[in-house]
Structures are given as structure tokens and as C-alpha cells.
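What follows is a short report on a single structure.
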Amino acid sequence: MAKLSEQLADLSVRAKHAEDAVSAAQKEAHDKVMARREQARAAATAAAEKVERNIKSAGDSVKSAGDAAAKEMDRVPDENFQRPAIDKGRHCSEEA
């Protein structure tokens, strides 16, 4: 049987190895969490940029359609435009 001091020294070495292993595992876990966080941030940024591009594209499409409609309206002669008949003698508040 080894002396008590030898057993305590051996136990101290084992405890130090266990502490080092725990510390290394914590650092590894932290590094993985940080990497996943950066991946999630990058994916969210990419998704937000894609949505922004889609919104701009939709706005451009709406503007193009509006410009085309305005151009078509400018092309149509005014005499072909029929205005609704309005009874100028009646007001909106006067119902029959």
C-alpha cells in the first residue's frame, strides 16, 4: 500500500486532469455555440436581404405597371372617356 502522501499526490494529479478536461469541454461547447450563433445571424441577414430585394422588385413591378397604365391612359383620346353623369342639383346628404 502506498503512503498517504503518494496517494494524495496521485489524487491531485487526477483532479487536475479532470479540471482540465472539464475546462476544455466548456471551451469547446462555447465555441460551438458561438459558431452556431454566427451561422444563424448570417442566415437571418441573408433572409432579410432577400425579403428586401423582393419588396424592391415588387415595388418596381408596381411602378412599371402604373407607368404603363398612365401611358395607355395618355394614349386614349379624351373624347372616348365617359365621365359619370352627376346630378348637380342634388347633394349626397339628400337621399330620395
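The values are calculated or read from the model by the stated rules, or taken from the named source; none is laboratory data. Not measured: the values here are computed from a predicted model.
Considering segment 52-88, the residues that are modelled with pLDDT under 90 and of a type in the set (Val, Ile, Thr) include one that is nearest to the chain's Cα centre (by Cα), namely Val62. The residues of segment 21-50 that are more than 15 Å from the chain's Cα centre (by Cα) and charged (D, E, K, R), listed by number, are Lys27, Glu28, Asp31, Lys32, Arg36.
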